[in-house]
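Below is one structure, written out as structure tokens, with a few remarks after it.
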Amino acid sequence: MQQESKIEKKCLFSLWKSMKWRTRICQIFLHLFAFAGMAILGAWAIYQLGLTNDGGKVDDNNRYLANYREPVGEADSAQQFNDMMDGFIDLALLNKAYPLNAHLIYEASQHCKRPDCIKCMVYAANMYLQVDSIGNHYNQLKSAVENSITQNPISSSDQNLIPWMNDSAWVVLKDAIVRDKEVIEKAAQMTGVEPRMIVSCLVGEQIRLFNSKREMYKKYLGPMKVLSVQSKFSWGINGIKEFTAMAVERNLKDSLSIYYMGKKYENLLDFKTEDIATERFNRLVDYHNHLYSYLYTACILKQTMLQWQRSGYDISNRPDILFTLFNLGFQASKPGPSPRCGGSTIEVCGKRYTFGVIGNDFYFSGELAEHFPILEKPFYD
């Protein structure tokens, strides 16, 4: 048998050798095509018979995922806001258990337009907290918070938490401030001071002026929605005294001064005439263009900040102190470890405030944030 097989192989080999090389190549390609055809037919047969199909299965979490209640219909803005706040409560609790996931959800929510965005993402994450020891603690805490909110409802108010912002003067003042947005931003760019810092000083001074002569302002300035301009003891919309303005100008030029803002600002307030006193008055007491009032205000804030910074005390993130010192003047600015918020007393609707607090109230209130947002840094170059 083996002998016959050897003879057969020799015959085949002899036959192969006797073929021309072109015939050999054709034979090789012929066999390759035959094998390829068989492979394709086999794959097709397997596919048709369904041998490669994965029938899949219903996920164990199907019922949990199906239980999420999406908002039905068009919710009004109040309901959307409530949904968003509920989502933040859930997110704050998740942060106690899995801060990484809470951070990812928060970052994603900044780009999401759905009002229930946070809530549905937390709900999806909660699926993995059902059988987790940390998750059990999270769910207990979540239930306790929800029960506490349900059992201890807080009566809500449609008024502003900050009392003086409920005064009619504030509504009028906001419109007047927004009208000056372009010139405020220009002053901010020229000085490297955040626009909202400048506006906060304006708010304090205008609220003070309105309530010092309330009836007159309500009768004349209120209907026109314009800012009040002072021209006697203090000048302009921010009530800057002449000696304070002169100090600002000196500080800009004196490179040895602790208030010095830098060479790029030295010519910021240069005068164009020889009658400096008159030009200074006219630039501040300008009823139509308030640019210089904002420039002087920004310079006072920045020079005061630099004075404290160079003395070893950083108050750049203490707007309440900066507003207080703006109100009291350079002579009251004495750097130390324990600065105090205060300033002139302002009475609004029977309640007393200080200039520093009113400025700080506005700065962190969220009011007019679409026009004057809080930036990453209040001072920049």
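A short reminder: the numbers here are calculations on the coordinates, not readings from a lab. It should be emphasised that the depicted structure is a prediction, and the values quoted were computed from it without experimental measurement. In this analysis, Cβ positions are derived from the backbone assuming ideal geometry, glycine residues included, and neighbour counts consider all displayed protein chains.
How big is Rg to Rh over the stretch 164-363, alpha-carbon atoms, Rh as the Kirkwood inverse-mean-distance radius? Can you show the working numbers first?
On the way: Rg = 16.3 Å, Rh = 17.1 Å.
Reported Rg/Rh (Cα atoms, Kirkwood Rh): 0.95.
Do the alpha carbons of any pairs in 174/232; 119/142; 96/142 sit beyond 20 Å of each other, and which pairs?
Among 174/232; 119/142; 96/142, the Cα-Cα distance tops 20 Å for 174/232.
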Item to check | Other-chain or far-sequence residues with amide H under 5 Å of residue 230's (modelled H) | outcome: 236, 237, 239
Item to check | Net charge of Cβ neighbours under 11 Å - reference residue 344; Lys, Arg +1; Asp, Glu -1 | outcome: 0
Next on the checklist: Taking the Kirkwood radius as the inverse of the mean 1/r across Cα pairs, report the Rg/Rh of the stretch 128-275.
Outcome noted: 1.24
Checklist entry - When ranked by the protection proxy of mean other Cβ atoms within 10 Å per residue, highest first, what sequence do the peptides 170-182, 315-327, 138-150, 233-245 form? => result 315-327, 233-245, 170-182, 138-150
Checklist entry - Each residue of the stretch 305-320 in order: what ³J(HN,Hα) in whole Hz does its phi give by Karplus 6.51 cos²θ - 1.76 cosθ + 1.60, θ = phi - 60°, with x for Gly and Pro? => result 4, 5, 4, 6, 4, 6, 8, x, 10, 8, 10, 4, 9, 10, x, 4
Item to check | For residue 353, distant residues with modelled amide H under 5 Å away | outcome: 346, 347, 348
Next on the checklist: Highest mean first, how do 349-361, 195-207 rank when packing is the count of other Cβ atoms within 10 Å averaged over residues?
Outcome noted: 195-207, 349-361
Checklist outcome for this item: FRET efficiency for residue 111 and residue 289 from the Cβ-Cβ distance with R0 = 30 Å, rounded to 0.05, comes out at 0.15
Next on the checklist: Apply the Karplus curve 6.51 cos²θ - 1.76 cosθ + 1.60, θ = phi - 60°, to the phi angles in the stretch 252-261 and return the couplings in whole Hz, x for Gly and Pro.
Outcome noted: 5, 8, 8, 5, 8, 6, 5, 9, 4, 8
Item to check | Residue among 239, 211, 259 farthest towards the positive dipole end of the stretch 164-363, charges placed on Cβ | outcome: 211
Checklist entry - From largest to smallest, what semi-axes in whole angstrom does the stretch 77-144 give when each is the square root of 5 times an eigenvalue of its alpha carbon gyration tensor? => result 21, 13, 9
Checklist entry - Stretch residue 271-residue 338 to full length: gain in nm at 0.36 nm per residue minus the Cα-Cα span? => result 20.3 nm
Checklist entry - Please state the Cα pair-distance histogram of the stretch 265-307 with 5 angstrom bins from zero: what percent is in each bin? => result 5, 20, 25, 26, 15, 7, 1
Checklist entry - Taking θ as phi - 60°, what are the ³J(HN,Hα) couplings along the stretch 122-128 by the Karplus curve (6.51, -1.76, 1.60), each to the nearest whole Hz, with x for Gly and Pro? => result 5, 4, 5, 5, 5, 4, 8
